[in-house]
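K.L.:
I have a structure I would like to understand better, so I am pasting it below and will then ask my questions one at a time.
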Amino acid sequence: MASLKELKGRINSVKSTQKITKAKQMVAAAKLRKAQAAAEAARPYASRLAKVMASLSSKVSGDSAPLLLSGTGEDRRHLMVVANSDKGLAGAFNSNIVRAALSHARRLQSEGKSVEFYLVGKKGRAPIKRAFPGQVKNEFDTTDVREPGYGEAERIAAELIDMFHDGKFDIAHLYFSTFKSALTQEPTGQQIIPVPTPELDSSVRDSGAVVDYEPDEEAILEELLPRYLKTQIFGALLENNASEQGASMTAMDNATRNAGELIDDLTIQYNRSRQAAITTELIEIIAGAEAL
């Protein structure tokens, strides 16, 4: 059985940990409001841009379509772009994203496809390198910024486009976490290269309106496709940031509660041990007095 000194030391240690987890919970809650607002504000722009893309891409086909839209015509080499955070203490936030990406990668390999990885953030690197050694193509470091933003999305998109034009992959998939609530973050995977043609809105498709573009649709798409890719990646980074803060707040709240329960258990154990020690001393005093 632990001594009274050891029990008191453990109680003080858990109390210190509880103060840290409580502080981190409050910080995550404060950051969550801002991150959630940013993620929700970006969704209407992405939705509207997708409608413009759908309208343009429906008028372009065959050899006239840009490479980012038409693709290489093959489905053999796949690149998994996995977006994680640089910080831990966020529950299963990072591991859920990695698990979804690895599941897809293994399925592709079982079909005879080659798979490589482009990793954003530090936390998902170790398990992916263990599962697919030597297949990590590139790593994008976000430790120099407080929160990944549009500048980081531009650099990631530029690297991916260069790799695609250099023939290093046929299809790229992006994995991130979609923010639902502070308690729910949904791992999401989507194809980003070649850019999937968004579904044309039925109201636009059935309107019968004739639209003339100047310059032509191909020229507009050449300019719009990289911007659309940047928007997709930027939206994923914003969703990830909000999801990370929500997961961190929930994890730290659970840790604070668990610490409180452990403190209560240790305090009861400490009081029982102290009472047992006092009782033993009294018995020894009484026994000694009776012996005299």
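The values are calculated or read from the model by the stated rules, or taken from the named source; none is laboratory data. Predicted model, so just to flag it, every value in this text is computed and none were measured. FYI the Cβ positions are ideal-geometry reconstructions off the backbone, even for glycines, and counts take in every protein chain you see.
K.L.:
Out of everything in segment 124-149 that is assigned to a helix (DSSP H, G or I) and exposed (fewer than 14 other Cβ atoms within 10 Å of the Cβ), what residue ends up being modelled with the lowest pLDDT? Steps first, answer last, please.
P.N.:
Of the residues in segment 124-149, the ones assigned to a helix (DSSP H, G or I) are 125-131.
Within this subset, residues satisfying the condition of being exposed (fewer than 14 other Cβ atoms within 10 Å of the Cβ) are 126, 130.
Details: 126: 87, 130: 90.
Out of the qualifying residues, it is 126.
K.L.:
Could you list, in sequence order, all residues of segment 155-194 that are within 14 Å of the chain's Cα centre (by Cα), assigned to a strand (DSSP E or B) and either on the phi > 0 side of the Ramachandran plot or small (Gly, Ala, Ser) (or both)?
P.N.:
Within segment 155-194, 177, 189 meet the criteria.
K.L.:
Considering every residue within segment 210-221, establish whether at least one is modelled with pLDDT under 90, of a type outside the set (Val, Ile, Thr), in contact with a Lys or Arg (Cβ under 7 Å, 6 or more places away or on another chain) and surrounded by 10 or more Cβ atoms within 10 Å (Cβ to Cβ). Quick ask: steps written out before the conclusion?
P.N.:
Step one: filter segment 210-221 for residues modelled with pLDDT under 90, giving 210-221.
In the following step, the residues that additionally are of a type outside the set (Val, Ile, Thr) were identified as 212-219, 221.
This time we only want the ones that are in contact with a Lys or Arg (Cβ under 7 Å, 6 or more places away or on another chain), so: 217.
Those still in the list that are surrounded by 10 or more Cβ atoms within 10 Å (Cβ to Cβ) too: 217.
Within segment 210-221, one or more residues are modelled with pLDDT under 90, of a type outside the set (Val, Ile, Thr), in contact with a Lys or Arg (Cβ under 7 Å, 6 or more places away or on another chain) and surrounded by 10 or more Cβ atoms within 10 Å (Cβ to Cβ).
K.L.:
Among the residues in segment 95-109, are any in a helix (DSSP H, G or I) and more than 21 Å from residue 191 (Cβ to Cβ)?
P.N.:
Of all residues in segment 95-109, those in a helix (DSSP H, G or I) come to 95-109.
Then drop every residue that is not more than 21 Å from residue 191 (Cβ to Cβ), which leaves 95.
Within segment 95-109, one or more residues are in a helix (DSSP H, G or I) and more than 21 Å from residue 191 (Cβ to Cβ).
K.L.:
With respect to residue 261, determine if the residue is free of Cβ contacts under 8 Å to residues at least 40 places away in the same chain and either in the same structural domain as residue 156 (by TED's automatic domain parsing) or in contact with a strand residue (DSSP E or B) (Cβ under 9 Å, 6 or more places away or on another chain) (or both). Please lay out each step first, then the result.
P.N.:
Details: free of Cβ contacts under 8 Å to residues at least 40 places away in the same chain: yes; either in the same structural domain as residue 156 (by TED's automatic domain parsing) or in contact with a strand residue (DSSP E or B) (Cβ under 9 Å, 6 or more places away or on another chain) (or both): no.
Against the criterion (free of Cβ contacts under 8 Å to residues at least 40 places away in the same chain and either in the same structural domain as residue 156 (by TED's automatic domain parsing) or in contact with a strand residue (DSSP E or B) (Cβ under 9 Å, 6 or more places away or on another chain) (or both)), residue 261 does not qualify.
K.L.:
Quick check on segment 183-190. Is at least one of its residues of a type outside the set (D, E, K, R), out of contact with any strand residue (DSSP E or B) (no Cβ under 7 Å at 6 or more places or on another chain) and at pLDDT 75 or above? Spell out the reasoning first.
P.N.:
Kept after step one, since they are of a type outside the set (D, E, K, R), are these residues of segment 183-190: 183-185, 187-190.
The next check asks that each one be out of contact with any strand residue (DSSP E or B) (no Cβ under 7 Å at 6 or more places or on another chain); those that pass are 183-184.
Checking the rest, the ones that are also at pLDDT 75 or above come to 183-184.
Yes, some residue in segment 183-190 is of a type outside the set (D, E, K, R), out of contact with any strand residue (DSSP E or B) (no Cβ under 7 Å at 6 or more places or on another chain) and at pLDDT 75 or above.
K.L.:
From the list 43, 107, 76, exactly one residue is without any contact (Cβ under 8 Å) to a residue 12 or more places away in the chain and among the basic types (Lys, Arg). Which is it? Steps first, answer last, please.
P.N.:
Details: 43 fails: without any contact (Cβ under 8 Å) to a residue 12 or more places away in the chain; 76 fails: without any contact (Cβ under 8 Å) to a residue 12 or more places away in the chain.
From the options 43, 107, 76, the qualifying one is 107.
K.L.:
Count, please, the residues in segment 169-182 that happen to be modelled with pLDDT of 90 or more and surrounded by fewer than 15 Cβ atoms within 10 Å (Cβ to Cβ). Even if it seems obvious, please write down each step before you answer.
P.N.:
As a first pass, look at segment 169-182 and keep what is modelled with pLDDT of 90 or more: 169-179.
From the residues that got through so far, the ones that are surrounded by fewer than 15 Cβ atoms within 10 Å (Cβ to Cβ) too are none.
Residues meeting the conditions: 0.
K.L.:
For segment 1-40, which positions are free of Cβ contacts under 8 Å to residues at least 24 places away in the same chain and among the charged types (D, E, K, R)?
P.N.:
Hits for segment 1-40 are 5, 6, 19, 33, 34, 40.
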